[in-house]
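For reference, the structure is listed below as structure tokens.
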Amino acid sequence: MSTPASIVVFTRDLRVHDHPSLAAAHKRGGPVVPTFVFDDAILASSFNRPNRTGFMLESLADLDSELKNLGARLILRRGNWVDEILKLAHRAKANAIYIAEDVSRLSRQRLDKLEAAANTVGVEVIRQSGITVIPAGAVAPPDSDHYKVFTPYYRRWQEIPWRPIASTPKSITPVVGLKSLPLPKLSALCSGTTSPEAILGGETQARKRLNAWTKKDLANYSDRHDDLPGDATSRISPYLHFGCLSSLEVATKLRARTGGEAFVRQICWRDFYAQILAARPDAGWSDFRDRGDRWNQDSEAFAAWVAGRTGFPVVDAGMRQLVREGFMHNRARMVVASFLTKDLYQDWRKGAAHFLDWLVDGDLANNNLNWQWNAGTGTDTNPHRIFNPTRQGNRFDAQGDYVRRYVEELSEVEGGLAQDPDPETRARVGYPLPIVDHQVAIAEYKEMRATPQPPS
């Protein structure tokens, strides 16, 4: 008797290499139906933004191409996520659905709904890993269900055995006769346009970029990852977010190489925040640690920050890079987040939401919990950490190359003067004076933090 078909549901794992669900379904035997559902609930949410959705569409096109090389194709559906998967399972006469577990509240709730509904019709839902290096709940301290501080988590993360890299099927038997929706255009899914220099999606692009960067920059990563103009970071975060690259495969292959330990530590940060969000779903938009902040509501200051017109060149360069590329250098992310939450003393949620409007790699765990780290409401053991924007610019962009690359008004200002132009230069090129005095602003911030508002 032949083995019934299996459905493999792709979510944030848009690849064929090291794909536990695909490998398990293939090993089971029988036909396999690779599936992606455009979830109307997500399409209707604020998370549906052009940069991410455009990248996702490119990644789906590449995934379909890779699957065709294996003898199958990607079956696309749109609508209610649970309903569409079960309809497809019925049509394919499938009795098993393979899917990777994720950590957001929405992801977990809809997977629970899928499993409950599938059980009523005799279809098994098999949950797999595949989003993180280790599952979100794989390690925990003795007194809690999750780690709240990174360093002890990192030690345990390194110690426990990782799963083996899943083998890629040499071929996939499809279900004959199943029809797929055509891959939609971006305009059919969301309004707006992508950043002009946004990175291209897809596993093929991801593996090319990773291989090239590994050969060129991995060995010097620990020394150069904060170098703003050098841009020696991997830029694979969008591919990790959408699962065009397996974080486990990357970490496994690179951790023993020169420079690999420092890079893999950054991958661990992704797992760290994933396990926090899994245990504390509210931490996506609520203070992980309430500091009683009475946030400033100055809309003009916030608008200047958004526009990259604060008068602090390294801050403005980062904000303009975000819009131009759908990406921001990690050092710049910390500087601009500190500036908004410490110098302007504005709610980290406003900054996190703006980032999610533009970042290709933006996700709830890494984006929002990193914002909380910078705001002092998250996991930082030094919650009042402050980044002086001028000092940061002088240290990590001493000759002003990063600033000149993104702040057009300062493109002709030579050398380090670009980090702190004098008033005459600012007036001549049309660049604003600083919107706050850093020392005064930080003194006010410290005073506010010293006298927090009692919980309501």
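The values are calculated or read from the model by the stated rules, or taken from the named source; none is laboratory data. Computed from a predicted structure; not experimentally measured. Cβ atoms come from the backbone with ideal geometry, glycine included; neighbour counts cover every protein chain shown.
Which pairs do you get when a residue that is under 8 Å from Asp343 (Cα atoms) and in the same structural domain as Val315 (by TED's automatic domain parsing), found in the stretch 429-442, comes within reach of a residue that is among the basic types (Lys, Arg) and in a loop (DSSP other than H, G, I, E, B), reach meaning Cβ atoms under 9 angstrom, with the pair 6+ apart or on two chains?
none
Please go through the stretch 192-215 and pick out each residue that is exposed (fewer than 14 other Cβ atoms within 10 Å of the Cβ) and either aromatic (Phe, Trp, Tyr) or modelled with pLDDT of 95 or more (or both).
Those that are exposed (fewer than 14 other Cβ atoms within 10 Å of the Cβ) and either aromatic (Phe, Trp, Tyr) or modelled with pLDDT of 95 or more (or both): Pro196, Glu197, Lys208, Asn211, Ala212, Lys215.
Tell me whether the stretch 274-289 contains one or more residues that are in a helix (DSSP H, G or I), more than 20 Å from Asp363 (Cα to Cα) and in the same structural domain as Tyr153 (by TED's automatic domain parsing).
no
Identify, by number, the condition in (1) in the same structural domain as Thr252 (by TED's automatic domain parsing); (2) over 30 Å from Leu254 (Cα atoms) that Tyr154 doesn't meet.
Unmet for Tyr154, out of (1) in the same structural domain as Thr252 (by TED's automatic domain parsing); (2) over 30 Å from Leu254 (Cα atoms): (2).
Would you say Val139 is of a type in the set (A, V, I, L, M, F, W, C), over 19 Å from Ala25 (Cα atoms), in a loop (DSSP other than H, G, I, E, B) and in the same structural domain as Cys244 (by TED's automatic domain parsing)?
yes
Please find, within the stretch 292-323, the residue that is modelled with the lowest pLDDT out of those that are of a type outside the set (Phe, Trp, Tyr) and touching a Pro at 6+ places or on another chain (Cβ under 6 Å).
Gly292
Tell me which residues, restricted to the stretch 189-223, are over 21 Å from Asn69 (Cα atoms) and of a type in the set (Asp, Glu).
Glu197, Asp217, Asp223 - these are the residues of the stretch 189-223 that are over 21 Å from Asn69 (Cα atoms) and of a type in the set (Asp, Glu).
Pairs under 6 Å by beta carbon, first residue at positive phi in the stretch 121-133, partner in a strand (DSSP E or B), six or more apart or different chains?
Pairs found: Gly130/Ala100.
Residue pairs, Cβ under 6 Å, 6 or more apart or interchain, first in the stretch 222-242 and within 12 Å of Arg331 (Cα to Cα), second modelled with pLDDT of 95 or more and among the aromatic types (Phe, Trp, Tyr). List them.
Here the result reads Asp226/Phe396; Leu228/Phe396; Leu228/Tyr402; Pro229/Tyr402, each pair linking the stretch 222-242 to a residue that is modelled with pLDDT of 95 or more and among the aromatic types (Phe, Trp, Tyr).
Can you report the number of residues in the stretch 1-38 which are among the charged types (D, E, K, R) and more than 19 Å from Cys244 (Cα to Cα)?
2
Run down Ile42, Ile75 and say which single residue is modelled with pLDDT of 95 or more, farther than 15 Å from Gly201 by Cβ and either under 20 Å from the mean Cα position of the chain (by Cα) or among the aromatic types (Phe, Trp, Tyr) (or both).
Just a single option satisfies the conditions, and that option is Ile42.
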